[in-house]
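Q: Mind looking over this structure? Questions follow.
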Amino acid sequence: MLILPAALLGPMAPNATAQLRYPPARQDTQVDDYFGTPVADPYRWLEDVDASETRSWIDAENALSFAYLGAIPEREAIRQRLTALWDYPRFGTPFKKRGLYFFFKNDGLQNQSVLYRQAARTASPTVVLDPNTLSADGTVALSTLDLSEDARYLAYATAVSGSDWNEIHVRDVTAAHDLPDRVRWVKFSGISWTHDHAGFFYSRYPTPADENPLLAVNRFHRLHYHRLGTEQRADRLVFERLDQPDWGVGGDVTEDGRYLILNLWLGTDRRNRVYYADLKDAVHPDLGAAPVKLLDAFDASYSFVTNDGPVFYFRTDLDAPRGRLIAIDIRHSEPQHWREVIPQAEDVLESVVLVHGTFVTTYLHDAHSRLRLYGIDGSARGEITLPAIGTASELSTESARDSELFFSFTSYLAPTTIYRHDFTSARTEVFKAPQLRFDAGPYVTEQVFYRSQDGTRIPMFLTHRRDLVKDGTHPTYLYGYGGFNISLTPSFSPSVLVWLELGGVLAVPNLRGGGEYGEAWHEAGMHDKKQNVFDDFIAAAEYLVTERYTSTPKLAIGGGSNGGLLVGAAMTQRPDLFGAVLPAVGVMDMLRFHKFTIGWAWVTEYGAADSASQFPYLYAYSPLHRLKPGTAYPATLVTTADHDDRVVPGHSFKFTAALQAAQAGERPVLIRIETKAGHGAGKPTTKLIEEAADRWAFLVRVLDLHPQLP
């Protein structure tokens, strides 16, 4: 039986655990009118994360949650096992500049990975930048970086406590110290140097007003150029559209230094616009060159791959929902002059790079990777064989003329390994391999297919012990996303290994709304078709129960961000189907998500309650608004962070308060609110381990598991 502080306990029920006494949450009389439908919003005050009343509620909820989690007997053993499995050296894919190799490495338990440089593949590496020195607790992380063409300067952006706001710094790599340059209020930006090494392009929003920058709405994205040694106020404005406050813009200099490619986006819409500026001379770039509208119809997705002088190559889904490669000569850029290089295939074309005169392409085949090779003319040149079913990503080469390609490969049971392919010998070899103290032999990943409610065939990866007997007794963690054209492909996490050692099954379905089968698959799970995603997920749970991998009392579901919305919708639609629910940083209020920070950008995916035609379907599945008082909901552990400025924590706060008030059963409803953390990117290792320990300990408790950890 759990031992909790007396103030947090309610009366004991016969043969039951202690009943939790939830912190009081005031209910206001706020009611909004949506096209004649009154909608109550009693917990709106929780949207103000800095209000004293909200902070008191946060403190009380955390006190309750951490007391409950800390009293679970197995938690410490789980934390220790997580720490042991996390403690192995791991590497990032190297990137080259001027023949030098740069790569990230984490010794194991470092909060942030360290950037190294080495002069040759077999040379001893030296430290370029150690983010762990930027803060005592590891909560300052790198978000993006770029090297100058001469490899002397490194421009790098840092994020504090997981915020999407970045600050750009510049390091003299040779002298091993930072320059005075500081560029602030950067968000959703890359960094791209001009080839004279004098400065770089970046994107930013206007400096926020007096309101909390973690909540302020972000509009009027602009492209700037920063010249080394100058103050930010002197930065050159390169592009803005004051008549289009919702447009975003990024700028990248081509490999030859001749052109600046401007990518213009609207929210999370896959469609984009592409402009370019002719810098004329790489050594003496013309920063005043006016952008030329190359692709301005906003009719498809266009991803710039490379250029051969005035011939630009793009991966696009125009007339090809699974993707193709086209060439556009900017001297004759009319569509009738475009040339198809690689036509659409049965699989989804995810990425393309040009190296050694060869287009290396990443395809998705039933949600796992294949690397296929093509000549400049589009002729097939075979494949790079991958070691197993998994995910190949981060294809990296210094230039189109280079003879070596690096890429990473991972799966649910194999940690990320870095491979090198030599085009002169046509050989693929391991470049950096982790040494993990875990025997994956007793476990296996299989891919199954099941039918959703409307008959659609859905793939799902299942990872479990090889000797699993399908008797309905196995604790199962069903994880999903289903949105924004994002594909869930096999990936590795030490946390998953601990779940497997606890006797668990990991199930990951590839739901509609993702990109696993191209744009048609994505569109089948967005706007008024979003219910398809929830149906796919619920059908996955029913399959796992019917096929006797698990049973409802042993079935947990989880997801983050859009995946948090997914599990929130699933639990409110089918509270009888699940034993536990773990929504992380979820979008729970579908009527007000667009009113905070970058939430407006998701309207292209979800729709908005301001629309009379879109409000009904949003209201129909919004997790916050589908909660029904007097319902027995599954055990729930909500996780969020007080510095999340993407999906603001008010979503999770309001959902938790409403769920605690609605809960009729004895199952606990807790919220774990991380401090000095954001949406997830850059979270230090210590916080990752603690959060995973709480997650698995919670499931051990509420699913009534009796594990024997190594």
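The values are calculated or read from the model by the stated rules, or taken from the named source; none is laboratory data. Predicted, not measured: the structure shown is a model, and the values here were computed from it. Cβ atoms come from the backbone with ideal geometry, glycine included; neighbour counts cover every protein chain shown. Side chains included, ligands, DNA and RNA excluded: accessible areas come from the protein's heavy atoms. Shrake-Rupley method; radii C 1.70, N 1.55, O 1.52, S 1.80 Å.
Q: Test residue 603 against the criterion of being assigned to a helix (DSSP H, G or I) and more than 17 Å from residue 658 (Cβ to Cβ), and give yes or no.
A: Working: assigned to a helix (DSSP H, G or I): yes; more than 17 Å from residue 658 (Cβ to Cβ): yes.
Yes: the conditions hold for residue 603.
Q: Taking residue 253, is it among the β-branched types (Val, Ile, Thr) and modelled with pLDDT under 95?
A: On the way: among the β-branched types (Val, Ile, Thr): yes; modelled with pLDDT under 95: no.
Taking the combined requirement at face value, the residue does not satisfy it.
Q: Separate question: Examine region 628-639 for a residue that is at pLDDT 95 or above, under 18 Å from the mean Cα position of the chain (by Cα), open to solvent by 10 Å² or more (accessible area, probe 1.4 Å) and β-branched (Val, Ile, Thr), and state whether such a residue exists.
A: Within region 628-639 (the criterion being at pLDDT 95 or above, under 18 Å from the mean Cα position of the chain (by Cα), open to solvent by 10 Å² or more (accessible area, probe 1.4 Å) and β-branched (Val, Ile, Thr)), the answer is yes, since at least one residue qualifies.
Q: Sort out which residues of region 581-632 are polar (S, T, N, Q) and without any contact (Cβ under 8 Å) to a residue 60 or more places away in the chain, and write them in order of number. Walk me through how you get there before you give the answer.
A: We begin by selecting, within region 581-632, every residue polar (S, T, N, Q); these are 597, 604, 611, 613-614, 622, 631.
Once the filter is applied, which keeps residues that are polar (S, T, N, Q) and without any contact (Cβ under 8 Å) to a residue 60 or more places away in the chain, region 581-632 yields 611, 613, 622, 631.
Q: Select, from 656, 640, the only residue that is touching a helix residue (DSSP H, G or I) at 6+ places or on another chain (Cβ under 9 Å), touching a residue at least 12 places away in the same chain (Cβ under 8 Å) and assigned to a strand (DSSP E or B).
A: Numbers: 656 fails: assigned to a strand (DSSP E or B).
After ruling out the rest, the residue left standing is 640.
Q: Filter region 208-225 down to residues that are of a type outside the set (S, T, N, Q) and in contact with a Lys or Arg (Cβ under 8 Å, 6 or more places away or on another chain) and give me whichever is surrounded by the fewest Cβ atoms within 10 Å (Cβ to Cβ).
A: 217
Q: What do you reckon, is residue 539 out of contact with any Leu (no Cβ under 9 Å at 6 or more places or on another chain), small (Gly, Ala, Ser) and under 14 Å from residue 587 (Cα atoms)?
A: Working: out of contact with any Leu (no Cβ under 9 Å at 6 or more places or on another chain): yes; small (Gly, Ala, Ser): yes; under 14 Å from residue 587 (Cα atoms): no.
So residue 539 does not fit the description; no.
Q: Does residue 163 qualify as being among the hydroxyl-bearing types (Ser, Thr, Tyr), closer than 23 Å to residue 213 by Cβ, at pLDDT below 95 and open to solvent by less than 50 Å² (accessible area, probe 1.4 Å)?
A: yes
Q: Does region 187-207 include one or more residues that are open to solvent by 10 Å² or more (accessible area, probe 1.4 Å), farther than 24 Å from residue 234 by Cα, in contact (Cβ under 8 Å) with a residue 60 or more places away in the chain and in a loop (DSSP other than H, G, I, E, B)?
A: There is no residue in region 187-207 that is open to solvent by 10 Å² or more (accessible area, probe 1.4 Å), farther than 24 Å from residue 234 by Cα, in contact (Cβ under 8 Å) with a residue 60 or more places away in the chain and in a loop (DSSP other than H, G, I, E, B).
Q: How about region 92-131: which of its residues are outside any loop (DSSP other than H, G, I, E, B), open to solvent by 40 Å² or more (accessible area, probe 1.4 Å) and under 27 Å from residue 497 (Cα atoms)?
A: 104, 105
Q: Which numbered condition in (1) at pLDDT below 95; (2) open to solvent by less than 40 Å² (accessible area, probe 1.4 Å) is the only one that residue 67 fails?
A: Every listed condition holds for residue 67 apart from (1).
Q: Hey, another quick one. Six or more apart or on different chains, Cβ atoms under 7 Å: show the pairs whose first residue is in region 324-343 and over 14 Å from residue 306 (Cα atoms) and whose second is open to solvent by 40 Å² or more (accessible area, probe 1.4 Å) and assigned to a loop (DSSP other than H, G, I, E, B).
A: Close Cβ pairs (under 7 Å, with a partner that is open to solvent by 40 Å² or more (accessible area, probe 1.4 Å) and assigned to a loop (DSSP other than H, G, I, E, B)) amount to 324/343; 324/344.
Q: Grab the helices (runs of 4 or more DSSP H) fully contained in region 479-592, keeping just those with 2 or more residues being surrounded by 24 or more Cβ atoms within 10 Å (Cβ to Cβ), of a type outside the set (Asp, Glu) and under 16 Å from the mean Cα position of the chain (by Cα).
A: Details: elements: 494-501, 519-523, 531-546, 562-573.
Where helices (runs of 4 or more DSSP H) fall fully within region 479-592 and carry at least 2 residues being surrounded by 24 or more Cβ atoms within 10 Å (Cβ to Cβ), of a type outside the set (Asp, Glu) and under 16 Å from the mean Cα position of the chain (by Cα), they are 562-573.
Q: So the check is Cβ under 7 Å with 6+ separation or different chains; which pairs have a first residue in region 118-132 that's touching a residue at least 60 places away in the same chain (Cβ under 8 Å) and a second one that's in a strand (DSSP E or B) and open to solvent by less than 70 Å² (accessible area, probe 1.4 Å)?
A: Listed pairs, sorted by first residue: 121/101.
Q: Select from region 409-453 the residues that are open to solvent by 50 Å² or more (accessible area, probe 1.4 Å), assigned to a strand (DSSP E or B) and over 30 Å from residue 533 (Cα atoms) and list them in ascending order.
A: 427, 428, 429, 430
Q: Name every residue in region 147-174 that is in a strand (DSSP E or B), within 25 Å of residue 107 (Cβ to Cβ) and within 21 Å of the chain's Cα centre (by Cα), in order of residue number.
A: Result: 156, 157, 158, 159, 160.
Q: Counting only residues that are within 26 Å of the chain's Cα centre (by Cα), open to solvent by 10 Å² or more (accessible area, probe 1.4 Å) and more than 24 Å from residue 569 (Cβ to Cβ), how many does region 454-478 have?
A: 1
Q: Counting only residues that are outside any strand (DSSP E or B) and among the charged types (D, E, K, R), which one in region 356-389 is farthest from the chain's Cα centre (by Cα)? I'd like the intermediate steps shown before the answer.
A: The first filter runs over region 356-389 and keeps only residues outside any strand (DSSP E or B), leaving 356-357, 366-367, 376-379, 385-389.
With among the charged types (D, E, K, R) added as a condition, the list becomes 366, 377.
On the way: 366: 20, 377: 35 Å.
Filtering first and then ranking leaves 377.
Q: Now, a different point. For region 249-298, enumerate the residues that are at positive phi and either under 32 Å from the mean Cα position of the chain (by Cα) or surrounded by 17 or more Cβ atoms within 10 Å (Cβ to Cβ) (or both).
A: 257, 267, 298
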